[in-house]
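Quick notes on the structure that follows.
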Amino acid sequence: MGSNPTPRTKNGRPNVGLEGMEGSTKRIARQRIHTLFRLAIETYREDPQLAQRYVDIARRVAMAAKVRLPTEYRRLVCRHCKSLIMPGVSSRVRIKQRREPHVVITCLKCGAYMRIPLRRRSRDK
């Protein structure tokens, strides 16, 4: 049985398709998202509108590159009004013990809340 050679394009280069380019595109998108969120957090106190613009751009970059926002950044954006929520400034954070322990983050712009369950570390049962 013969081995299959790598498919080649017209000019003789290996045909890697989009897989090779997608990795670099997503890596660049993640770097830009990280930079934009860092700038948004740093500038929020001086200029909240500029910080919101940074968040909007970061979300658009993520959608265009089909990259999920990391969890730590996803929790900084209100799921309802899409505004940047900074704990203690534009949001209220409470820990609740009812039923299952959870954190409730309330957006002070739209009044919506996000509920994040807290999981207990399981020990030897």
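Derivation of every value follows stated rules applied to the coordinates shown; laboratory data play no part. This one's a predicted model, so the numbers in the text were calculated from it and none came from an experiment. Here Cβ is always computed from backbone atoms with ideal geometry, including for glycine, and neighbour counts include all displayed protein chains.
Model label sites at ARG38 and GLU72, defined 7 Å from Cα along the beta-carbon direction, differ in position by 1.1 nm.
Just rank LEU50, LEU84, LEU36, fewest to most, by other beta-carbon atoms within 10 angstrom.
By the 10 Å Cβ count, ascending: LEU50, LEU36, LEU84.
Calculate, in whole percent, how much of the Cα-Cα pair population of the stretch 69-125 lies beyond 19 Å.
On the way: 559 of 1596 pairs.
Tail fraction, whole percent: 35.
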